[in-house]
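Below is one structure, written out as structure tokens; comments come after it.
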Amino acid sequence: MEDRHTHTLKFPIEHGGETITELKFRRVKFKDVRGITLRLGGDADGGFHADVKGDDLITLTSRLAGVSTSVIDELDGEDAAEVASLVVGFYSSFRPTGERP
């Protein structure tokens, strides 16, 4: 994974007197999940998923993008869905205990 991933917003937002047109996500560090309920698992088809509650997802997204949660709160639903998929996707390389790639 690159050190940063830039997501261009389809629907820019106004926050603190400025227009935010993109979010730049840094690489995940283990400390980013401190206080976050993150459930990692596999399915019968060998797929993988990561489940995280809404408030925790907003917190995690703000940490990785380096912006306040109030910025994330204002994302349009379409942008929010893409960003959520991106953030949860950062954990796709993890495997639950006992499973091997």
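Assorted remarks:
- Length released on extending from I36 to E18, taking residue separation times 0.36 nm less the Cα-Cα span: 3.6 nm
- Under 5 Å, built H, 5+ apart or other chain: amide partners of L9: E22, L23
- Highest-first arrangement of 61-68, 24-31, 13-20, where packing means the average Cβ count within 10 Å: 61-68, 24-31, 13-20
- Once backbone amide H atoms are built at 1.01 Å from N, H15 has I20 as its partners under 5 Å, excluding neighbours fewer than 5 places away on the same chain.
- In sequence order, the stretch 53-66 has phi-based couplings of 5, x, 4, 5, 5, 4, 4, 4, 4, 5, 4, 6, 8, x Hz under the Karplus curve 6.51 cos²θ - 1.76 cosθ + 1.60, θ = phi - 60°, and Gly or Pro positions carry x.
- Anchor K10: lysines whose Cα lies under 26 Å away (excluding residues fewer than 8 positions away in-chain): K24, K53
- Projected label distance in nm at K53 and R27, using a 7 Å step from Cα toward the beta-carbon: 3.1
Coordinate-derived values only; no laboratory data. Because the structure is predicted, anything quoted here is derived from the model rather than measured. Neighbour counts run over all protein chains shown; Cβ positions are idealised from the backbone, glycine included.
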